[in-house]
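First comes the structure, then the notes that go with it.
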Amino acid sequence: MGCAHGKCCNRDSSTSDEDAGHHQRGIRPYKNKDGLTQRSLELVHVPSHNFTLQYSSLTQHGYYPDKTDRENQDSFCIKTQIQGNPNVHFFGVFDGHGQYGAQCSNFVKDKLVEILSSDPTLLDDPLKAYNSAFLATNSELRDSEIDDALSGTTAITVLVVGDTLHVANVGDSRAVIAVKDGDRILAEDLSVDQTPFRKDEYDRVKLFGARVLSVDQVEGLKDPDIQHWGDEESHGGDPPRLWVPNGMYPGTAFTRSVGDSTAEKIGVIAVPEISIVRLTPSHLFFVVASDGVFEFLSSQTVVNMATAYKDPSDACTAIAGDSYKRWLELENRTDDITIIIVQIKGLSNSGVGTTDSEVHSRPCQTGGSMNQSAAIVPPLMHQRPLESIS
């Protein structure tokens, strides 16, 4: 849903069950491994709290029947031992969009972690460093040779510092953590999709003069004065998008991104929303993935599937495969699909102050050329209310 510029999602609500079969429509099944890149199982120890992160990743090129040579616009970055510190590790997924989306995605995945790694304040104030890195990356993309007028990328990243996760999000990709609660394993969203479905984001972009309309509204098929689109789960097929006051562009379905210089003029900003999680033994693993995964799979479904596999490599393959299958059942294409699964092994109560799942947020420091609002993560599902960190 993060793609821009009109009905780029090519949703075809008229497709019947009878003609939705893969072979009838000539669509390649997931077992075709063209365009699939997967990293084998890897481990990194966190000596400060004596636990291990066991992780794997996968990225699958999307299938576009009319654009068979289209690049995979997703990218990901895994960098362990940031600044040579064995307790600091970075995981990120970047979902590019627009004509130069692949270039934007790859630029940001390299530049963001480079800036973070070179920031001497990273360990003293991770939130400030994170926010500064996003804004600096956005500025450097703007000054690069890449045309980001109508192209950019989302970014969902997790910085592990000892037993604490710092989750920074720009756009509509997602991070989720699995929490053991008695006999259940619950999915807790570590990020909240930044789209016009959210009232706070809707109100913010309206202040910048954005028109917020679905494609059907823009094309005159629905009343443009109706500014209610239901919820993202049930009305994601034709989501509200952002348009300049007197034009038919850029059509972004997200309200924050890196790049998208045209959309920035109507409120699409690179300021991340940041949440903080202190890990406890009840935290089993976390997932970082593009919206190619979450378009048709809920956070809980993804956690349920990942729980069924001991090896995160197998879990990545299963989740990507099911995502790909559901795209083909409901669309005439698939999105690019990228997923990282990080298992948390051996964390004990020793040195941990609480065994409850806690997620905190605080306002980010802001900067840049425009009046960018502080990012405060709203309450997340299945979690205790957020508390401000002074």
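Quick look at the numbers
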read-out	value
In segment 99-164, GluC sites (Glu not before Pro) in a DSSP loop with at most 12 other beta-carbon atoms within 10 Å	E145
FRET efficiency, 1/(1 + (r/R0)^6) with R0 25 Å, evaluated for S139 and E42 via beta carbons	0.20
Sorted largest first, extent of segment 206-303 alpha carbons per principal axis (Å)	53, 28, 20
More than 15 angstrom apart: percent of Cα pairs within segment 55-99	57 percent
FRET efficiency for D110 and E329, using Cβ-Cβ distance with R0 set to 25 Å, rounded to 0.05	0.10
Extended-chain gain in nm, criterion 0.36 nm per residue less alpha-carbon gap, K206 and Y249	13.9 nm
Prolate/oblate/rounded label for segment 93-186 (Cα gyration tensor, a/c 1.5)	oblate
Rg over Rh, two decimals, segment 195-253 (C-alpha only, Kirkwood Rh)	0.92
Accessible surface, 1.4 Å probe, highest first, among residues Y55, Y202	Y202, Y55
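The values are calculated or read from the model by the stated rules, or taken from the named source; none is laboratory data. Since this is a predicted model, take the numbers as computed values, not measurements. Note that we place each Cβ from the backbone using ideal geometry, even for glycine, and neighbour counts take in every protein chain shown. We work out accessible area using only protein heavy atoms, side chains counted, and drop any ligands, DNA or RNA first. Shrake-Rupley method; radii C 1.70, N 1.55, O 1.52, S 1.80 Å.
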